[in-house]
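Down below is the structure, laid out as structure tokens.
The values are calculated or read from the model by the stated rules, or taken from the named source; none is laboratory data. Because the structure is a prediction, the values reported are computed rather than measured. Here the Cβ is made from the backbone with ideal geometry for all residues, glycine too, and neighbour counts use every protein chain on show. Heavy atoms of the whole protein, side chains included, go into the accessibility calculation; ligands, DNA and RNA do not. Shrake-Rupley method; radii C 1.70, N 1.55, O 1.52, S 1.80 Å.
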Amino acid sequence: MAFQTWQVGLDIQNGQLCALGIQRRRNGWQLRHWWQHVLPQDTLTNGLLQRPDAVVSVLRQWRKRLPYRISLRVGFPPQLVLQRQLDLPGTRLGEPERSSYITASARRFFPIELERLVMDYRQPEATPGQLCVTATRRDALQRWLGCLSDARLTPQVIELTPAALCAISQRLATPPATALVHRLDDHWLWFTGDRAGQQWGWRSRQEVPDFATLRTQQLPDVARIYYSAISEDILPSGTRPLNPLDTLAQKQPPLPLYAGAFTLAAGLALRPDDA
């Protein structure tokens, strides 16, 4: 049954919504569905949903185009997230001691009461002695989940949008010292897999108006950069085009006129299931 289920990535941004559905086949992933719809430019403010009714209406139209059973993966704005690296103690901790240790540590480095936060943590492969602790405001997450619920959508995964670039990078098997950059209407996203610390980031386009500034500030040591954007754009000098549809083994027309708009939706759809 899982083999037949579509994995669907949903990317909601200022200006437009992009969705992409894929299905696993013997020789790789097959493109089964893509959809794009214009949204108001003030749909989000710093990642917070400001126009949930407009989004719900669009999502209800879209849901009718999908099979009943899907594995839905929704992008979550990095603007709403606090993230810190936490050193693990030398002794191996089981539950509930591990959770208690993380909670006590989080009280020291998050500036918001833990009761108002939702937290998750993962152990990065590159740094086994550390945990990456991610937190977001409970009310912000509930606003996103409420919007999806009103549209009769139940996400299996809520994932940070920069992680979609990680999934694309892994699928394309990009070499070390490679970065992926995606331009949105109001911010930049980037990912590079060869750093021991923070591998991803985002910057407002008010602070960083152009790609040259982003590269100088965030990726000065990266030799190879793949670039995509939410709307058709001139490829910046020194970059290579990032086509998310290259991750798929089977894709029949009609295809999107501009594939770069689907970078995040494709990466979300390709995201592996949690173990």
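All but one of (1) within 26 Å of G129 (Cβ to Cβ); (2) surrounded by fewer than 20 Cβ atoms within 10 Å (Cβ to Cβ); (3) not aliphatic (A, V, I, L, M) hold for P209; state the number of the condition that does not hold.
With (1) within 26 Å of G129 (Cβ to Cβ); (2) surrounded by fewer than 20 Cβ atoms within 10 Å (Cβ to Cβ); (3) not aliphatic (A, V, I, L, M) applied to P209, the lone miss is (1).
Looking at R240, R224, R205, can you tell me which residue is touching a Ser or Thr at 6+ places or on another chain (Cβ under 9 Å) and basic (K, R)? Give the steps one after another, and end with the answer.
Working: R240 fails: touching a Ser or Thr at 6+ places or on another chain (Cβ under 9 Å); R205 fails: touching a Ser or Thr at 6+ places or on another chain (Cβ under 9 Å).
From the options R240, R224, R205, the qualifying one is R224.
Working only within the range 9-24, note down all residues that are within 13 Å of the chain's Cα centre (by Cα) and assigned to a strand (DSSP E or B). First the steps, then the outcome.
Step one: of the range 9-24, the residues within 13 Å of the chain's Cα centre (by Cα) are 9-13, 18-19.
Scanning the range 9-24 gives G9, L10, D11, I12, C18, A19.
Pairs please, first residue from the range 100-122 and of a type in the set (K, R), second anywhere and open to solvent by less than 70 Å² (accessible area, probe 1.4 Å) and modelled with pLDDT of 85 or more, Cβ atoms under 7 Å, 6+ apart in sequence or on different chains.
Sorted first by the residue in the range 100-122, then by its partner, the pairs are R107/L114.
Before we move on, is Q198 part of a helix (DSSP H, G or I) and out of contact with any Leu (no Cβ under 8 Å at 6 or more places or on another chain)? Give the derivation first.
On the way: part of a helix (DSSP H, G or I): no; out of contact with any Leu (no Cβ under 8 Å at 6 or more places or on another chain): yes.
Considered against the rule, which asks whether it is part of a helix (DSSP H, G or I) and out of contact with any Leu (no Cβ under 8 Å at 6 or more places or on another chain), Q198 comes out as no.
Tell me, which residue of the range 176-195 that is in a strand (DSSP E or B) and touching a residue at least 40 places away in the same chain (Cβ under 8 Å) is nearest to the chain's Cα centre (by Cα)?
Filtering the range 176-195 for residues in a strand (DSSP E or B) gives 178-183, 187-192.
Restricting the remaining residues to those that are touching a residue at least 40 places away in the same chain (Cβ under 8 Å) gives 178-183, 187, 189.
Numbers: T178: 18, A179: 15, L180: 13, V181: 12, H182: 11, R183: 13, H187: 13, L189: 9 Å.
Per the stated criteria, the residue is L189.
Search the range 233-250 for residues being touching a residue at least 60 places away in the same chain (Cβ under 8 Å) and crowded, with 16+ Cβ neighbours inside 10 Å, and hand back the single one that is farthest from L31 (Cα to Cα).
L242
Is there any pair with a first residue in the range 57-73 that is closer than 13 Å to L17 by Cβ and a second that is open to solvent by less than 10 Å² (accessible area, probe 1.4 Å) and in a loop (DSSP other than H, G, I, E, B) whose Cβ atoms are under 6 Å apart and which are 6 or more apart or on different chains, and what are they?
Close Cβ pairs satisfying both conditions: L59/A151; R60/A151.
What is the one condition in (1) under 30 Å from L257 (Cβ atoms); (2) buried (at least 17 other Cβ atoms within 10 Å of the Cβ) that T136 does not satisfy?
Condition (1) is where T136 drops out.
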